Each structure stands twice: as C-alpha cells, then as structure tokens.
Amino acid sequence: MIWIVRGAVALVGLFFTAMGLTALFMPEQIGEIFQLTVNSEVGRSAIRADLGGFFLGGGLLALAGVVRSNAQWLGAATLLIVIALTGRLIGGLSGGFPEAVIQSMGVEVVSILILVTAMRTLPSK
C-alpha cells in the first residue's frame with residue numbers, strides 16, 4: 001500500500017513539475033492548454049512566472065515530500081492545489097463551468113486526495 005501511495009504522489013509531483021517546466025520554456029504551449037492568449041512578451045513572462053512558479057513549486061514540494069516522507073512538504077503542495085481549486089470554484093460560480101474547467105478541477109481534486117492520503121499514511125522520517 002505504501003508503495004502505491006508513494007508512486008501516486010511521485011506521478012502528481014512529476015506531472016506538476018513537467019507542467020511547470022513547460023510553462024517556463026514553452027509558454028505558448030501552456031497558453032494553448034489553458035486557453036490563454038499569449039500575444040506579447042508580458043503575457044509570456046506572466047505564464048512563465050505565475051503558472052511556471054505554481055506548477056514547479058507544487059511539483060517539487062510533492063516530490064520532496066514523498067522522497068523525505070515529510071507531511072509538511074506534502075501539505076504545502078496540497079495547499080497550493082486547494083487554492084487553485086478555490087479559484088476555479090469562484091470562477092465557475094461567477095461565470096459557469098466549461099468542460100475544460102471541470103477537467104482541470106478533476107485533476108486538482110484527484111491530486112489533493114492523493115496528497116492527503118500520503119500525508120496520513122506515509123511514515124514520517
């Protein structure tokens with residue numbers, strides 16, 4: 001069971017890290033994924049900084065948490081994702097829930113469940 005949880009957290013961490021690196025080095029591709037218009041250097045910079053920072057930070061925190069069996073690092077990664085999910089809920093309540101938003105919310109909910117499960121089940125070092 002512990003190895004399944006570790007593997008799931010590693011996948012979450014790798015996914016978020018890959019998204020962060022893509023935002024840093026290929027902002028136009030992330031723009032397409034999230035349906036953002038990238039028509040200026042300011043827009044590319046915002047995607048690199050904001051989305052890159054969010055995804056890379058969350059991914060590295062999750063990976064560090066699973067490698068070190070540290071619930072605090074997993075909790076920090078979870079908090080980032082909970083904040084993002086809250087933003088999507090606020091956006092959905094004010095403007096609707098398009099399919100792409102629901103899909104992103106699903107990824108966030110699953111990621112939160114995996115991280116919370118890891119915080120509760122992994123032995124602390």
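Each reported figure results from applying straightforward, stated rules to the coordinates on display, with no laboratory input. None of these values were measured; they are calculated from a predicted model. Neighbour counts run over all protein chains shown; Cβ positions are idealised from the backbone, glycine included.
Before moving on, here are some points about what is shown:
- Reported value for the stretch 1-68: 64 Å³ per residue, from the convex hull of its C-alpha atoms.
- Surrounding net charge for LEU36, when Lys and Arg each add one and Asp and Glu each subtract one, Cβ distance under 11 Å: -2
- Calculated [222 nm] ellipticity per residue, helices only, for the chain: -27500 deg cm²/dmol; basis is -39500 (n - 2.57) per DSSP H run with n ≥ 4, divided by all residues, nearest 500.
- Two-decimal Rg/Rh across the stretch 1-40, once Rg and the Kirkwood Rh are taken from alpha-carbon atoms: 1.22
- Estimated FRET transfer efficiency when R0 is 25 angstrom, pair ILE83-SER124 (beta carbons, to 0.05): 0.50
- ³J(HN,Hα) computed for each position of the stretch 64-75 - Karplus, 6.51 cos²θ - 1.76 cosθ + 1.60, integer Hz, glycine/proline x: 4, x, 6, 5, 9, 6, 10, 5, 5, 5, 5, x
- Counting charges near ALA23 (Lys, Arg +1; Asp, Glu -1) among other residues having Cβ under 14 Å from its Cβ returns a value of -1.
- Cβ-defined net charge surrounding LEU74, 12 Å radius [Lys, Arg +1; Asp, Glu -1]: +3
- Between the beta carbons of ILE2 and VAL107, assuming R0 = 22 Å, the FRET efficiency works out to 0.40 to the nearest 0.05.
- Within the set (i) 97; (ii) 113; (iii) 80, the number that volume of the Cα convex hull per residue in Å³ takes when calculated for this structure is listed as (i).
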